[in-house]
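Let me begin by presenting the structure, written as structure tokens, before commenting on it.
The values are calculated or read from the model by the stated rules, or taken from the named source; none is laboratory data. Only a predicted model underlies this, so the values are computations on that prediction, with no experimental measurement involved. Cβ placement follows ideal geometry from the backbone for every residue including glycine, while neighbour counts extend to all protein chains displayed. Ligands, DNA and RNA are stripped out before the accessible areas are found, and what is left, the full protein with its side chains, is counted by its heavy atoms. Shrake-Rupley method; radii C 1.70, N 1.55, O 1.52, S 1.80 Å.
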Amino acid sequence: MTTAVAAPFRFFSLQVVRTRRLGPSLVRVTFTGPDLHAFHSDGCDQSLSLFLPQPGQPEPVVPLEQGDNWWQAWRDLPDDVRAVMRSYTLRALRRDPDEIDIDFALHGVEQGCAGQAGPASRWAAGAAAGDRVLLLGPAVADNRAIRFRPPADTDLVLLWGDETAVPAVSAIVESLPAGTRARVWLEVPHAGDVQDLMTLADAEITWLVRGSGPGRAASPLALDTLRTAELPRCERPYVWIAGESGRVKELRRHFVGERGVDRRRVTFVGYWRQGLCEEELRAQS
Ligand SMILES: Cc1cc2nc3c(=O)[nH]c(=O)nc-3n(C[C@H](O)[C@H](O)[C@H](O)COP(=O)(O)OP(=O)(O)OC[C@H]3O[C@@H](n4cnc5c(N)ncnc54)[C@H](O)[C@@H]3O)c2cc1C
């Protein structure tokens, strides 16, 4: 006898319904699609692979007709034809109608701003209703692309994220049960990027505004702030850190090396690295 096991991930063909600017650095893009009813996620920092069209293409080119061989066939396509793949986080999933939100940090797309634009940032800045994308996302709610996994005995949740992790941290904070003690730091380029987060948890949320001038992504704000932060008394903290890789490494070192947090209780993810596009970052990890 064989038991059917649902594949945890599958492709979803989506189109943009609307966009909303959340602040100078973040835009929310809402998507829908006929097969979104099969999209299931427990949320938190649920990561997704988004496939975007090259400029001038009506839709992203991914050879889905190749079945399980799509990945190699996609990689074999010419650079200017192959859809651009980038990692993003599910910000929200709604039913009736089926919709998902993804919040994009915009970098390098506005005049006078620091940093280099990338294809995803550029796409998000110009996204409009009807634009088509492909998403490789979860068909099973509890899946390995959710990394936020506090051990059951956790007595303090510590979260740090930059603007690329604001969506993940926001979704995590919203999901924390009443009574959970949490300290949260979110670092963003502009004061206008600060958002109101809803939570039942006993969470203290600190927004750090670093400014957006040259070299600001490497600002020591996060480390300085955390070094001087007085944490509530706790015995079994759980730490989750995501954002620019260099910053993430420094902060992990701080929690493990300087504060003595058990390294098994620290989840850390480099969401991007200064000076490298996502393909280059993936090739290095
Ligand atoms: C698991 C996971 C979840 C993520 N979730 C989100 C999310 O929900 N929202 C979100 O906005 N991002 C998220 N990211 C980060 C996002 O994938 C990267 O920022 C990605 O590099 C953006 O692609 P791009 O095409 O715009 O730039 P790329 O072509 O990848 O990079 C071009 C240049 O821009 C630089 N760069 C990349 N991102 C930034 C930035 N934010 N600020 C300044 N410079 C940058 C690179 O260093 C490079 O020099 C996530 C990443 C991971 C791994």
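Overview of values
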item	result
Candidate set from region 40-59 (those that are under 15 Å from Leu90 (Cβ atoms) and either away from the ligand (no atom under 16 Å from the Cβ) or not in a loop (DSSP other than H, G, I, E, B) (or both)); member that is most open to solvent (accessible area, probe 1.4 Å)	His40
Among the candidates Arg147, Arg122, Arg183, residue that is assigned to a loop (DSSP other than H, G, I, E, B) and basic (Lys, Arg)	Arg147
Residue selected from region 88-106 under the condition part of a strand (DSSP E or B) and of a type in the set (A, V, I, L, M, F, W, C), by the criterion surrounded by the fewest Cβ atoms within 10 Å (Cβ to Cβ)	Ala92
Residue satisfying condition, being among the hydrophobic types (A, V, I, L, M, F, W, C), in contact with a strand residue (DSSP E or B) (Cβ under 7 Å, 6 or more places away or on another chain), surrounded by fewer than 18 Cβ atoms within 10 Å (Cβ to Cβ) and outside any helix (DSSP H, G or I), within set Val27, Val17, Val81	Val17
Residue under evaluation Thr228, criteria (1) buried (at least 18 other Cβ atoms within 10 Å of the Cβ); (2) over 27 Å from Leu52 (Cβ atoms); (3) of a type in the set (Ser, Thr, Tyr), criterion not met	(1)
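Every residue, every condition in (1) open to solvent by 10 Å² or more (accessible area, probe 1.4 Å); (2) among the hydrophobic types (A, V, I, L, M, F, W, C); (3) under 18 Å from the mean Cα position of the chain (by Cα), yes or no:
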| site | (1), (2), (3) |
| --- | --- |
| Gly130 | yes, no, no |
| Val133 | no, yes, yes |
| Pro138 | no, no, yes |
| Asp142 | yes, no, yes |
| Ala145 | yes, yes, yes |
| Phe148 | yes, yes, yes |
| Pro151 | yes, no, no |
| Leu158 | no, yes, yes |
| Gly161 | no, no, yes |
